[in-house]
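The values are calculated or read from the model by the stated rules, or taken from the named source; none is laboratory data. This is a predicted model, so every value here is computed, not measured. Please note: Cβ atoms are built from the backbone with ideal geometry, for glycine as well, and neighbour counts cover all protein chains shown. Just so you know, the surface numbers come from the protein's heavy atoms only, side chains and all, with ligands and any DNA or RNA stripped out. Shrake-Rupley method; radii C 1.70, N 1.55, O 1.52, S 1.80 Å.
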Amino acid sequence: MESSVDRIGDPWGGRVPHGRRKRWSARVDSFLAEGVDPAMVQEWVQAASILHSDGDAMDIAVIDGRMVGVRGRATDRVNRGRLGPKDLFGWQANASPDRLRRPLVREGGRLVESDWETAMSRLVTRSHALLDDRGPGSIGFYTSGQLFLEEYYTLAVLARAGIGTNHLDGNTRLCTSTAAEALKESFGCDGQPGSYDDIDHADVIALFGHNIAETQPVQWMRILDRLEGTEPPRLICVDPRPTPVARNAAVHLAPRIGTNVALLNALLHEIIRTDRIDHRYVDAHTVGFEELAARVKDCTPAWAAGICDVPAERIGEAAELLGTADRLLSTVLQGVYQSHQATAAAVQVNNLHLIRGMLGRPGAGVLQMNGQPTAQNTRECGANGDLPGFRNWQNDAHVADLAEVWNVEPSTIPHYAPPTHAMQMFRYAEQGSIRMLWISGTNPAVSLPELARIRSILAQDRLFVVVQDLFLTETAQFADVVLPAATWGEKTGTLTNADRTVHLSAKAVDPPGEAKPDLNIFLDYAARMDFRDKDGGPLISWNDPESAFEAWKRCSAGRPCDYTGLSYAKLRDGSGIQWPVNEQAPDGTERLYTDGVSWAHPDVCENYGKDLVTGAADGVVEYRSLNPDGKAMIKAADYLPPHEIPTEEYPFQLTTGRTLYHFHSRTKTGRAPQLNEAAPDMWVEVNEADAAAQDLAEGDLVEVRSPRGALRGRLRVTKLRPGLLFVPFHYGYWDTPASSGPDTTTPGRAANETTITDWDPASKQPLFKTATAALSLIERGNGKQAPAPTTTASAPMDPASVPATTGGPRAQVSQAPDTAWDAPGGNP
Ligand SMILES: Nc1nc2c(c(=O)[nH]1)N[C@H]1C(S)=C(S)[C@@H](COP(=O)(O)OP(=O)(O)OC[C@H]3O[C@@H](n4cnc5c(=O)[nH]c(N)nc54)[C@H](O)[C@@H]3O)O[C@H]1N2
Ligand SMILES: Nc1nc2c(c(=O)[nH]1)N[C@H]1C(S)=C(S)[C@@H](COP(=O)(O)OP(=O)(O)OC[C@H]3O[C@@H](n4cnc5c(=O)[nH]c(N)nc54)[C@H](O)[C@@H]3O)O[C@H]1N2
Ligand SMILES: [Mo]
C-alpha cells in the first residue's frame, strides 16, 4: 500500500519486517515539488545520492528542464528504493537563487564578477610564474570527497604528471583517511572487505563511533527492519551519546572520548582469554597473533573500565556477544577516525575480525566506513595522498607502471616522499612555500580545525587562492579567483560508495548561468597549460566524462580497484555494481577476502605499513620480513591517553559531529526549507547533571570555550555521558553578508573555532572528536528552545519539554512497495 509520511518527523519511514538471510523488500520513496504529480514528469534521469557514502540510487524528475523531485530506484542493491531525508529534500538547493553563475576575480580587494577567459588566464599566468620562480612544490590542490571519479582522475593526472607537485590531497583526509590507512595496515591495501548485504545475514552488528541512523539512514532502515523480523541481530553500540543506534542496542558502551583503544584491547583480551578464536583462520591467513595476545594480556575489562569509565560488566557483555557471534558485522566511523589513536583503534576492529575469522562470508564483514559520497573515488584515483589505483609510492615497479599508463618518465611523478597530506599543505601555505592553493568542492573555512588559524592562512596576500564551488562560501570569500561549478544533477559521472558499489549519476538539467562541470574546468586548465606526455602528445587526451572513465579503466587494470569490466552502458538502468569488475568477475565482487587476503604481498601492497604510534613509514625490507607471504597483519597497539584532558579551566571533554538533517557546512541542506527548519541554528548538548550543577537549562544561550576559541549556541539537555559536551559542526559564521567578507569579530558559532591542530600519526586525520572546553552562560533562554532536532541523538532529556520536530505538509513523502521486486522470483 502506498502511504504518505512526514519524513522530517519520521526520518526512517515505516517498518517492513526483514527476516535473517532473506532478501530485503523494496520500498520506493519519492518526493515531488508542490503541485507536481508523477504523471506530469517528462523525464526520470538516473542518479545516486551525494549527501553521504551510502550511494542510494535514485532518479531525478524533470519538467521543462527543471528538477522537480526525486524517486528511489527499487532495483538497486544498495537502497531498494529507499531514500533518506537529505536525499528527498536536498535537491532543491540546486535551484537556489544565490548559486554562483559567473567566475569572480579579486579587484582592489573585492571579488567582482568576471568571465571564464579572465579567470582562467589569471590562474594560468600565476601557475606559470610560480613554476618558473619556485617550482612545482609552490602549487597545491585541495579537493573533495564530493566530485566524480572522472574529475579526481583528471585532477590527479594534471597535478602529479602535469604540474609535478606532491601537494594534492582531498578533504577525505578529514573524513576517511583512517579507513584507508587501517585497511592498508591490516590487509596491505585499501578496499572495503564487507558488503551492505552483510546486514541481512549478521547475528551481531557492532557499531564503533558510528551514528549510522543519522549518517547512513537507509542502511539504518535495513537494520531497523531486521530488528522487527525473524532472528533479529543484536547491536553493540560504542558511542558516548544516546544515538538512535544506542537506543536500539543490546549493549551500549558510552566511553570517555578518546579511549577507544583501551576498550578494544579489553574486548580483544576477553575474546582471547575465552579462546573464542578461529585458530585455523589465524594460522592460515594472518601474521602477528602472538604479539597481539601478549600485548592485551593485562587489558582486562576492569582495567579498561577505569580508563573508559564504562562498567566492566558491560565490557564483558559486549565481549560475550562478539565472541559468540556466528556472523559478526562491524562498522567503524568518525568516533574512531577523528581521534588521536584513530588508526590504532580502527586496526583493532580489523583484528577482532581476523582472530574470529569473520571475513569474506555473508554477514561476516568489516565496514571501515566512508563518509562522503565519493571519498572512495578520491582515494582510488590518487587525488588524496596515494598514487592512482592504490599504487605504492615506495615501490618503483608501481611508479614505472603508472608512468607507462600516462606515457611519462617515472621521474615526472613525484615519489621522493609520501604525498603531502592536507594538514601539512595548510602548514606549507602558512609558512609560505605553497603559494597557490586550488580548493575544489570543500569549505575549509568551516571544516578544518582551529578556524582562526585557517582564516589567517587563507587571508595572506602572498597566497593565491582559487575556490571552485557552487556558492560564495566562507572559503570562497578569501579567494583570488572563484570558479562557478556545476554539481550533481547538472553533470554526468560515476561514484563509488562505501561498499565499493559504482553508480552512474547522469546530467538531468543545465547548470545555472555559466557554471561548468568540474571536469570541464580541469580539462580547460590542462589544455591552457599545454601539459604534454613524453612523446609530445597531450598528457590528457580525454574530453568528456565517458572518455575520462575509459582512461581511468586503463589505469585501474590489474589493480585491486579494477574497473575494466565496467562501462557507462553497463551502469545504465540496472543496479550499481561492486568493484573489482573484470574478466574474472564480470558482475562485480560482493565481498573481498573470501579466501584469505589477496593484496598484501610485498610486490602488490599499497604501502609497507606504518608505526601506529609515530606514523613512521616502514620500508620494503621490514615489510618482507614481517609478512613475506602477504597475509593479513594483526597489529597490536597500546592505549595512549587523549592529548587534551580536562583541567580546572577547561573542565569538559568536547566532541563534535553531525545531525541527521544537515550535510557538513550546509551549502545544500541549509537551502532546502524542510531540512533547514529541522535544525536551523547552532546548539550545545550537555548532560542533565552538568546542566543542573551550573544552573543551566534548555534554551539558555551558552558559550563553549576551548584553548583555541569560542562558539555560542543554545543549550540542549540530553542523556549524553556526563562531563561531555557535543556540538554539531554544520554552522559557519554568524550571518555574514556575502559582500563584506567574514565577520570575525563577533564570537563564532562554528564548532571548529574550538578544535585543535593535531592529527593521528598514521592516517594524518585531524582530531575533531577529542578536545576540552569550558561552558558558561551568556543569556537565559527564558522559555526559548535549542534549535536541535528531537528525533535524533539530540533528543531532549525530558521529551515533553520541547515540541517534537516535524516537517508538516510540505515534508510529505510517498512510500510505495514495489510488487515486481518483491514477487517470488522477482528481480534477484
Ligand atoms: N546527516 C548527515 N549524514 C552524513 C554526513 C552529514 O554531514 N550529515 N556526512 C557524511 C560524512 S562525510 C561522514 S564522514 C559520515 C560521518 O558519520 P558518523 O561518524 O556516524 O558521524 P559523526 O556524528 O561525525 O560521529 C559519530 C559518533 O561518534 C561519536 N563519538 C565521539 N567521540 C567518540 C569517541 O571517542 N569514541 C566513540 N566510540 N565515539 C565517539 C559521537 O557521539 C557521534 O555520535 O556521515 C556521512 N553522512
Ligand atoms: N568539527 C568537525 N569538523 C569536521 C568534521 C567533524 O565531524 N567535526 N568532519 C570532517 C569531515 S568527515 C568532512 S567529510 C569534512 C567536510 O567538510 P567540507 O568538505 O568542507 O564540507 P562541505 O560543506 O560538504 O563542503 C563541500 C563544498 O563543495 C561544494 N560542492 C558541492 N558539490 C560540488 C560540486 O559538484 N563541485 C564543486 N566544485 N563544489 C561542490 C559545496 O557547495 C561546499 O561548499 O568536514 C570535516 N570537519
Ligand atoms: Mo566525512
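Report note on the peptides 680-688, 437-445: ranked by the mean count of other C-beta atoms within 10 Å, highest first, their order is 437-445, 680-688. Summing Cβ point charges (Lys, Arg +1; Asp, Glu -1) relative to the Cα centre of the chain gives a dipole of roughly 500 debye. Taking all protein chains together and a 1.4 Å probe, the residues 324, 819 rank 819, 324 from largest to smallest accessible area. Counting only residues at least eight positions apart within a chain, or on another chain, the lysines with an alpha carbon under 25 Å from that of residue 784 are 719.
Between residue 823 and residue 629, the simple spin-label model (points 7 angstrom out along Cα→Cβ) gives 5.1 nm.
Given their separation in residues at 0.36 nm each and the Cα-Cα distance between them, residue 2 and residue 320 gain 110.3 nm when the chain is fully extended. Take 109-116, 175-182 and order them by the average number of nearby Cβ atoms within 10 Å per residue, most first; the result is 175-182, 109-116.
Applying the Karplus relation 6.51 cos²θ - 1.76 cosθ + 1.60 with θ = phi - 60° to segment 466-479 yields 3J(HN,Hα) values of 10, 10, 10, 8, 8, 9, 7, 6, 3, 6, 4, 5, 9, 6 Hz, where x marks Gly and Pro.
Calculate, for residue 37 and residue 587, the FRET efficiency according to 1/(1 + (r/R0)^6) with r their C-beta to C-beta distance and R0 41 Å; round to the nearest 0.05.
On the way: r = 37 Å, r/R0 = 0.90.
So the FRET efficiency works out to roughly 0.65.
Quick one: check the C-alpha center-to-center distance for segment 592-658 versus segment 116-168, whole angstrom. Cα centroid to Cα centroid, the span is 31 Å.
Heavy-atom accessible area for residue 340, with the other protein chains in place and a 1.4 Å probe, reaches approximately 10 Å².
Can you sort 4, 186, 30 by 1.4 Å-probe accessible area, starting with the largest?
Details: 4 80, 186 0, 30 25 Å².
In descending accessible area the options line up as 4, 30, 186.
The heavy atoms of residue 658 present about 60 square angstrom of accessible area, all protein chains included, probe 1.4 Å.
Distance from the alpha carbon centroid of segment 349-417 to that of segment 219-265 works out to 29 angstrom. Compared with the direct C-alpha span, the chain from residue 800 to residue 603 gains 64.8 nm at full extension, assuming 0.36 nm per residue. Rounded, prolate or oblate: which fits the chain when a ≥ b ≥ c are the square roots of the eigenvalues of the alpha-carbon gyration tensor, with rounded for a/c under 1.5 and prolate only if a/b beats b/c? Cα axes put the chain in the rounded bin. Modelled this way, with points 7 Å down the Cα-to-C-beta line, the labels at residue 23 and residue 530 are 5.9 nm from one another. Given R0 = 22 Å, the distance between the Cβ atoms of residue 777 and residue 649 translates into a calculated FRET efficiency of 0.85. Using alpha carbon centroids, what distance separates segment 689-714 and segment 541-570, in Å? So the separation of the two Cα centres works out to 51 Å.
Note on residue 96 and residue 112: the model spin-label points, each 7 Å out from Cα along the C-beta direction, lie 2.7 nm apart. For segment 372-377, the Karplus equation 6.51 cos²θ - 1.76 cosθ + 1.60, evaluated at θ = phi - 60°, returns couplings of 7, x, 10, 4, 4, 5 Hz by residue, with Gly and Pro reported as x. The phi torsions of segment 132-140, fed into the Karplus equation with coefficients 6.51, -1.76 and 1.60 and a -60° offset, translate into couplings of 5, 7, 10, x, x, x, 8, 10, x Hz, rounded to whole numbers, with Gly and Pro shown as x.
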